[in-house]
Amino acid sequence: MTVTSKMNSVSRQSVLSRLGPGGLLYAANKIIAVAAGKDEDRWRGKNEGALFKRWKRATSSVETRSPAVPAPTVPTSQPSDLLKFLAINALELSAPASDALLKSRSSEWFQLSGHPGSLAPAGPGTVWKRRAAGDHPAHNPERDAYEALAACPHMRSAIPRYYRELEYGGENFIELQDLLHGFRDPHVMDVKMGTRTFLEDEVSNARARPDLYEKMVRLDPNAPTEAEHAARAVTKLRYMQFREQCSSSAEQGFRIEAVKLPGQPPLTDLQKVREPKKLTATVARFLGNDESVRLAISTRLREIKNMFEKSDFFRKHEIVGSSIFIIYDDERVGAWLIDFGKTRRVPDDITITHREPWQQGNHEEGFLYGLDRLINTIETAKLSEATTEPDVSR
């Protein structure tokens with residue numbers, strides 16, 4: 001397949017182009033509903049209650065590892081449970097309604113997600129994501145961001161397809177495209193963007209905390225200064241900046257959260273890979289020896305950067321803790337901007353470039369600074385390094 005055809009497949013937004021054989025029923029129902037002048041909810045409404053109840057039963061049985069219903073039959077053309085879970089982690093979702101994954105609660109991916117019970121299946125190719133626990137009932141930053149970006153002609157093709165917000169069982173969700181739906185045993189990489197991945201109001205309290213000092217010492221006994229050792233306490237800002245410096249975030253503006261290669265267990269212990277040589281070696285391994293894939297991914301990331309720079313939304317918002325999610329298989333290449341739970345509008349008198357160093361109050365987060373370096377890393381990685389497994393140990 002040529003690079004052009006790969007890039008064309010990236011940009012296709014039609015439902016049929018994203019569905020495998022198992023999703024044709026969904027497409028057919030959607031076409032029929034549109035023809036009848038009905039909303040998609042007519043199809044989803046018939047099934048979502050049963051799906052949600054099955055998910056609730058499954059997640060409530062996680063502690064006992066005793067699934068309530070048999071695992072559904074998954075067509076061979078659909079992603080494996082592990083790959084689905086990788087996408088879920090990248091979207092900051094958690095336990096999918098998969099008995100196989102619920103049984104494998106000790107898996108690294110489950111531990112990494114950190115938000116058990118936040119996902120419910122919606123239909124072929126879609127997921128429900130629960131509103132973050134800390135969000136004010138009248139304020140849902142992730143929903144607001146997805147709705148604004150879905151309406152933006154510059155950005156709608158750079159994000160997962162957003163369907164709607166819904167309430168079920170007294171809880172609020174947004175429904176999103178399952179990015180892995182339709183790919184066959186793909187290469188997957190989740191990259192956290194920015195030099196700052198914490199909100200300014202998270203570090204506004206200048207009180208020194210003993211618990212954060214203990215966390216810092218566990219990670220690196222030599223990290224605290226003499227004064228911090230004497231006080232046995234550090235501020236939240238000091239701790240969060242220390243965490244950024246442990247990874248490549250502070251210097252490079254991005255960090256590789258995880259990589260999954262076909263037929264291999266996921267590489268999840270990557271957050272502390274910060275040396276440029278190790279970063280490029282990890283990227284080279286992800287790319288394999290396929291120069292056309294490298295070019296397609298680079299082209300797609302440059303497209304996302306151009307859309308980002310043209311977007312009024314990003315001129316007025318800080319994009320904290322978002323990720324670039326990259327997927328490719330033998331037929332298609334894709335990359336999307338995901339995770340907007342920490343996206344915030346900046347004050348009207350503030351102008352941000354997404355490239356300048358952060359200082360308290362300027363709201364810079366380094367997203368474009370990191371994207372420039374991610375693109376450069378992908379474009380300069382020596383593909384021959386793909387044959388050598390990079391050292392990703394702590």
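Bear in mind that the values in this text are calculations on the coordinates, not laboratory data. Note that the structure is a prediction, hence the values are computed from the model and not measured. Don't worry about glycine lacking a Cβ; one is built from the backbone with ideal geometry, like all the others, and counts go over all protein chains shown.
Quick notes on this structure:
- Using 0.36 nm per residue and subtracting the Cα-Cα separation, the extra length available between ALA230 and HIS139 on full extension is 28.6 nm.
- Too-long pairs where the Cα-Cα distance tops 18 Å, listed order kept, from LYS215/LYS260; LYS215/LYS236; LYS129/LYS310: LYS215/LYS260; LYS129/LYS310
- A simple packing score, the average count of other Cβ atoms within 10 Å per residue, orders the peptides 231-237, 243-249, 344-350 as 243-249, 231-237, 344-350, with the highest score first.
- Sorting the segments 311-317, 367-373, 188-194, 351-357 by their residues' average number of neighbouring beta-carbon atoms within 10 angstrom, most packed first, yields 188-194, 367-373, 311-317, 351-357.
- Part-to-part distance (alpha-carbon centres) for region 143-159 and region 235-287, which is given in Å: 27
- Positive-end residue of ALA206, VAL217, SER247, charge dipole of region 204-247 with Cβ unit charges: ALA206
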